[in-house]
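Colleague: Provided herewith is a single structure, encoded as structure tokens, for subsequent inquiry.
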Amino acid sequence: MFLRAATSFLALAAAAGLSGCDTVRASNAFSATGLLVDGATSGGVVVNDRRRTRDGDGVVSINVGRLSLSSERNETIAFGMNRAPVRAATGWSRSRDTFDLRLSDPIAIGVTNWIVQGPFDAQRTHAFTSCLQTLGIWFWERTGFLLNNCDMRDATRDPDITNAILNSVGGDNRNWNDFSNLIGFDPGRINIYWINTVEGATTTGWSDFGGRIVMGRNTGFELLVHEIGHGFSLFHPVACGGATANWDDTNIMAPCSATREFVTEGQNFRMHFNPASSVNALYGARPGAPTEDCQNAGETAACPAVERRLWDDGAFLAN
Ligand SMILES: [Zn+2]
């Protein structure tokens with residue numbers, strides 16, 4: 001008798017929606033929204049980064065399946081077109097839950113270009129086109145970053161210019177202070193020094209993993225988004241010329257590429273959330289927002305794998 005009663009109760013509960021699916025209702029959505037959801041199945045199995053995507057504007061309701069409280073994390077990370085990723089606590093119950101979260105407006109980062117190697121007009125166009133390329137990749141890859149402007153400074157006649165500034169060598173330990181002390185430095189912005197050669201090549205650039213970048217005279221327009229990626233705490237996911245199961249030269253952080261265009265959600269999460277990212281460490285661009293110290297590779301309960309994709313990146317499908 002008891003079993004029969006329990007069964008009919010479950011049937012009633014299902015009919016009433018008590019055992020139905022949970023929902024995340026995202027507001028401030030623009031075109032595309034994607035979620036990575038942590039919780040547990042109704043049977044108690046930990047769910048880490050369950051993927052959901054949905055198109056739409058304004059308020060978008062996304063069915064995330066049946067979830068209950070996990071012994072690990074109970075949260076949702078939300079990404080979106082022209083929106084900065086956010087993380088919200090979602091304490092799943094055994095009933096049907098609806099959690100609201102609001103996608104963040106994009107974060108604007110200032111850029112100052114110091115044109116050190118002339119001719120000024122040509123290199124100003126080079127720098128401006130690189131800014132545009134960066135902005136385009138950030139937009140289409142749903143990073144939630146904007147350039148709030150792309151200032152140009154004519155430093156071509158600066159009397160402090162030396163050969164060591166025009167042709168900079170030394171890898172990570174190069175003459176960074178020559179640039180910021182002798183050429184100039186705008187605090188709170190990305191400072192890019194457009195010179196002649198970096199490590200002996202006109203096509204090379206370098207980041208100090210902070211607010212300074214040096215760029216050679218003939219760098220590709222897609223290199224700037226790569227160097228800024230280093231400043232935002234990202235590393236190379238592959239070696240030069242290598243393609244692996246998750247990476248090839250189409251990713252922005254591929255070294256030795258001229259075809260950079262894609263950003264994974266694992267990378268985007270790190271750019272926004274890593275405390276070492278200059279977004280947090282130098283620009284304070286996410287006041288009050290949580291940070292999470294994620295390793296370059298690998299996955300933890302709190303950090304999506306760096307190769308995690310909510311949407312396809314060319315040949316690499318959402319995973
Ligand atoms: Zn690099």
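Where a number appears in this text, it was derived from the coordinates with a stated rule and is not lab data. From a predicted model like this one, the values you see are computed outputs, not experimental measurements. No Cβ is skipped: glycine too gets one built from the backbone with ideal geometry, and neighbour counts run over all protein chains shown.
Colleague: Given Cβ point charges of +1 (Lys, Arg) and -1 (Asp, Glu) and nothing else, what value in debye, to the nearest 20, does the dipole of the range 62-101 about its Cα centre take?
Modeller: 80
Colleague: As a check on your grasp of the helix formula, calculate [θ] at 222 nm for the chain: sum -39500 (n - 2.57) over DSSP H runs of n ≥ 4, divide by the residue count, round to the nearest 500.
Modeller: After summing the helix terms and dividing by residue count, I get -6000 deg cm²/dmol.
Colleague: Compute the distribution of all C-alpha to C-alpha distances in the range 36-193, in bins of 10 Å from 0, and list the percent of pairs in each, rounded to whole numbers.
Modeller: 10, 26, 21, 16, 15, 10, 2, 0
Colleague: Based on other C-beta atoms within 10 Å, arrange HIS272, HIS230, HIS236 from fewest to most.
Modeller: In order of increasing Cβ crowding within 10 Å: HIS236, HIS230, HIS272.
Colleague: How compact and how long is the chain, expressed as Rg and Dmax of its alpha-carbon atoms in Å?
Modeller: Values for the chain (Cα only, Rg and Dmax): 23.2, 95 Å.
Colleague: Count neighbours as other Cβ atoms within 10 Å of each site's Cβ, and list the trypsin sites (Lys or Arg not before Pro) in the range 46-145 that are DSSP loop with at most 13 such neighbours. Spell out each step's value before the answer.
Modeller: Details: sites: ARG50, ARG51, ARG52, ARG54, ARG66, ARG73, ARG83, ARG87, ARG94, ARG96, ARG102, ARG124, ARG142; in loops: ARG66, ARG73, ARG94, ARG96, ARG142.
Counting only loop positions with at most 13 other Cβ atoms within 10 Å, the trypsin sites (Lys or Arg not before Pro) in the range 46-145 are ARG94.
Colleague: Would you work out the charge dipole size for the chain about its Cα centre, treating the Cβ of every Lys and Arg as +1 and the Cβ of every Asp and Glu as -1, and quote it to the nearest 20 debye?
Modeller: Magnitude of the dipole: close to 1060 debye.
Colleague: Please name which of HIS236, ASN173, GLN123 has its Cα lying farthest along the dipole of the range 106-319 towards the positive end, using unit charges on Cβ (Lys, Arg +1; Asp, Glu -1) and the Cα centre as origin.
Modeller: GLN123
Colleague: What whole number of Å gives the distance from the Cα centroid of the range 145-203 to the Cα centroid of the range 236-260?
Modeller: 25
Colleague: May I pose another question? Cysteines of the chain lacking any other cysteine beta carbon under 4.7 Å?
Modeller: By the Cβ distance rule, which asks for a partner under 4.7 Å, the isolated cysteines are CYS21.
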